[in-house]
Amino acid sequence: MRIAKIQASFRRYPYAWQIGLIILAILLPLPLGDYYRTVAWRTGVYIMLGLSLNIIVGYAGLFQLGHAAFYALGAYTAAIMNLKLGIPLLLTFPFSILIAAVFGYLITRPILHLRGDYLAIVTIAFGEVVRLALVNNIFGITGGANGLSGIDRPNLFGLELRQPIYHYYLMLVFLIFTIFAIRRLENSRLGRAWMYVREDEAAAEAMGIDTTRVKLMAFILGSGWAGLCGALYAAKLTVISPDLSRFLESVVMFSIVVLGGTGSIPGVVVGTLGMVTLPEMFRPLKDWRDAWMGIAMVVMMIARPEGLWPSRRVRLEIRGDQEEANPIPAANS
Amino acid sequence: MSDPTPPLLQIHHLTKTFGGLMAVEDVSFDLTAGLILGLIGPNGAGKTTIFNMVTGFYQPTSGEIRFMEKKIGKLSPHQITQAGIARTFQTIRLFKNLTALENVMAGLHHRTRMGIWDALIRSKSQRQEESMIMTEAEYFLQVLGLAGYRNELAKNLPYGDQRKLEIARALSTRPTLLTLDEPAAGLNEHETQDLIAMIRKIRDGGITILLIEHDMKMVMDLCEQIVVVDHGRKIAQGTPEEVQKDPFVIKAYLGEEEK
């Protein structure tokens, strides 16, 4: 299988791949026009959103179908602080992260004991609650159904970030940091704790791991990171609306993680290319995106439930005993 | 000599009801540090319920559990493990898709501290802690004779070794009291003998042991104290010899003689 080959070479020459990909990402927008630069920017933002959701869904094994709510909260925090308090946009970023993370904590704390589908339903409801609160102009600061407009352009040492290419590079800085940070988290004490919780929560608890706390950490980090993406969105578009918290947004993020490969960073990249980039590049595909998303979901669940580029572990969890009788040849690893 | 040291584990009038069903009724016993105590009884007698209360998976309806003189009845399982009681499960509950080493590393989680920030910058103390976790996990694999399976996925281990890995994982939490839920279930005669030797070795290392077991021969061989429960009540306690002669125990296991 071709993907398996790429995966193998990825593992064998990690640095070559990493440096190569970073150089590619830096050069990528240069030959492109503004439209495709914006597509590249969107891709990057969704990769980050996917990675943030991947902490919750992929690492800790929890359902979150209302992730877009935190994206919206981040965008609104940046916009409101900029419009009402006159704070320069780039300085609102930490607050976007903080507010989204705090809400991530407040919302999930009482529902953490729920499992599987029940958790999924509550998170869907939460996404809708946020959207409706924004539509209803809560506290008179969200601008109702029209949202907020006229947000300042971010200003970096006197350079006003107006062109898509500036936003692309601003996004890229955060994206590279995100991937770096998540890789380190994955291989840390907390990353292992997520793995234990995902594998067997009762056993993790019996090992002295405070599973509630570990799950909360996943939600807080994931939500905060989505808040950062929201702030990046507000900075580029300068116009935001409650649509950011649509259920469909959450579904797109969830699909990115699940179709790409739960728990895997390259999986999220692949998932984003399929769910976001392709439809943006080919208009007809965009019109049919919802249908294509549905079909892709069904086909994937039947043919490759672990995703296109799965983490080895999640693949084992999903395929499980099926493959025990027929182990992957050793040459693969 | 001063006062005798109080028992490590004290169970007082422990009762657990599920709805209207009385699963455990007014059970009391003490466990002195350094002993191997077996909790036995026919199927459905309430052994596992008692076990789950001691390890925090159930909360007692009434009664009290004291561990090192502290009340632990209302603590959650991870707090109890942190207090020094480790457990294994009746049906093996390893992290199946993780390696043997990673399984054992789980027990070190609560004894280590490094947070997100240290993980991000890979601080010196974080790297030291990670290598300490690794070394100690390897040590426990070695103790149980599982060093060869270091990088093997837990689910690929032979059944008997999976049982051992569960014990290694429990030991890595550095417990004062190790509780084993039917550790010999599914093992053959040879493996059981192996296990008995291993449990003795663990006890000689200073860890008190509470175990539930169905294999009578093993219990009589291994345990120094036995508590017998039936229908949720304690019916006897004593050394293996005493318990074997106890008329209530004989009745519970063999049924009443026909008159």
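I'm trying to understand the selection: among the residues of region B:111-127, which are more than 7 Å from every other protein chain (Cβ to nearest Cβ) and farther than 24 Å from residue A:179 by Cα?
The one that is more than 7 Å from every other protein chain (Cβ to nearest Cβ) and farther than 24 Å from residue A:179 by Cα: B:111.
Taking region B:111-130 as the search range and keeping residues that are among the β-branched types (Val, Ile, Thr) and open to solvent by 10 Å² or more (accessible area, probe 1.4 Å), which one is nearest to residue B:52 (Cα to Cα)?
My answer is B:116.
Out of (1) part of a helix (DSSP H, G or I); (2) touching a residue at least 40 places away in the same chain (Cβ under 8 Å), what's the single condition that is false for residue B:125?
For residue B:125, the exception is condition (2).
For residues that are in contact with a Gly (Cβ under 8 Å, 6 or more places away or on another chain) and in a loop (DSSP other than H, G, I, E, B), scanning just region A:124-167, find the one that is most open to solvent (accessible area, probe 1.4 Å).
Per the criteria, the residue is A:136.
Go through (1) more than 10 Å from every other protein chain (Cβ to nearest Cβ); (2) open to solvent by less than 20 Å² (accessible area, probe 1.4 Å) and name the single condition residue B:108 misses.
(1)
Given (1) in contact (Cβ under 8 Å) with a residue 40 or more places away in the chain; (2) more than 14 Å from chain B (Cβ to nearest Cβ); (3) acidic (Asp, Glu), identify the lone condition not met by residue A:160.
Residue A:160 satisfies every listed condition except (1).
Taking the condition under 25 Å from residue A:261 (Cα atoms) and in contact (Cβ under 8 Å) with a residue 24 or more places away in the chain, does residue A:134 pass?
Numbers: under 25 Å from residue A:261 (Cα atoms): no; in contact (Cβ under 8 Å) with a residue 24 or more places away in the chain: yes.
Taking the combined requirement at face value, the residue does not satisfy it.
Test residue B:133 against the criterion of being more than 13 Å from chain A (Cβ to nearest Cβ) and either at pLDDT 90 or above or loosely packed, with under 15 Cβ neighbours inside 10 Å (or both), and give yes or no.
No; evaluated as a whole, the condition is false for this residue.
Taking the stated definitions as given, is residue B:100 crowded, with 23+ Cβ neighbours inside 10 Å, more than 21 Å from residue B:16 (Cα to Cα) and at the interface with chain A (Cβ under 8 Å from one of its Cβ atoms)? Please lay out each step first, then the result.
Values: crowded, with 23+ Cβ neighbours inside 10 Å: yes; more than 21 Å from residue B:16 (Cα to Cα): yes; at the interface with chain A (Cβ under 8 Å from one of its Cβ atoms): no.
It is false that residue B:100 is crowded, with 23+ Cβ neighbours inside 10 Å, more than 21 Å from residue B:16 (Cα to Cα) and at the interface with chain A (Cβ under 8 Å from one of its Cβ atoms).
Restricting to region A:90-125, name every residue that is without any contact (Cβ under 8 Å) to a residue 24 or more places away in the chain and hydroxyl-bearing (Ser, Thr, Tyr).
A:118
Among the residues of region B:75-82, is there at least one that is over 18 Å from the mean Cα position of the chain (by Cα), surrounded by 15 or more Cβ atoms within 10 Å (Cβ to Cβ) and at the interface with chain A (Cβ under 8 Å from one of its Cβ atoms)?
No: region B:75-82 contains no residue that is over 18 Å from the mean Cα position of the chain (by Cα), surrounded by 15 or more Cβ atoms within 10 Å (Cβ to Cβ) and at the interface with chain A (Cβ under 8 Å from one of its Cβ atoms).
Select from region A:309-333 the residues that are in a loop (DSSP other than H, G, I, E, B), out of contact with any Ser or Thr (no Cβ under 9 Å at 6 or more places or on another chain) and not β-branched (Val, Ile, Thr) and write down the one among them that is modelled with the highest pLDDT.
Out of the qualifying residues, it is A:324.
Of the residues that make up region B:11-25, is at least one within 30 Å of residue B:165 (Cα to Cα) and open to solvent by 10 Å² or more (accessible area, probe 1.4 Å)?
Step one: of region B:11-25, the residues within 30 Å of residue B:165 (Cα to Cα) are B:11.
Cutting the leftovers down to open to solvent by 10 Å² or more (accessible area, probe 1.4 Å) gives us none.
Checking region B:11-25: not a single residue is within 30 Å of residue B:165 (Cα to Cα) and open to solvent by 10 Å² or more (accessible area, probe 1.4 Å).
Which members of region B:82-103 meet the condition of being touching an Asp or Glu at 6+ places or on another chain (Cβ under 8 Å) and not aromatic (Phe, Trp, Tyr)?
Residues satisfying the conditions are B:87, B:88, B:90, B:92, B:93, B:94, B:96, B:97, B:98, B:99, B:100, B:101.
When you scan region A:168-246 for helices (runs of 4 or more DSSP H) that lie fully inside it, which ones turn up with 1 or more residues that are surrounded by 24 or more Cβ atoms within 10 Å (Cβ to Cβ) and away from chain B (no Cβ under 14 Å)?
Where helices (runs of 4 or more DSSP H) fall fully within region A:168-246 and carry at least 1 residues being surrounded by 24 or more Cβ atoms within 10 Å (Cβ to Cβ) and away from chain B (no Cβ under 14 Å), they are A:211-237.
The values are calculated or read from the model by the stated rules, or taken from the named source; none is laboratory data. All values derive from a computational prediction rather than experimental measurement. So basically every Cβ, Gly included, is an ideal-geometry build from the backbone, and we count neighbours across all protein chains shown. Heads up: the accessible areas ignore ligands, DNA and RNA and are worked out on the full protein's heavy atoms, side chains in. Shrake-Rupley method; radii C 1.70, N 1.55, O 1.52, S 1.80 Å.
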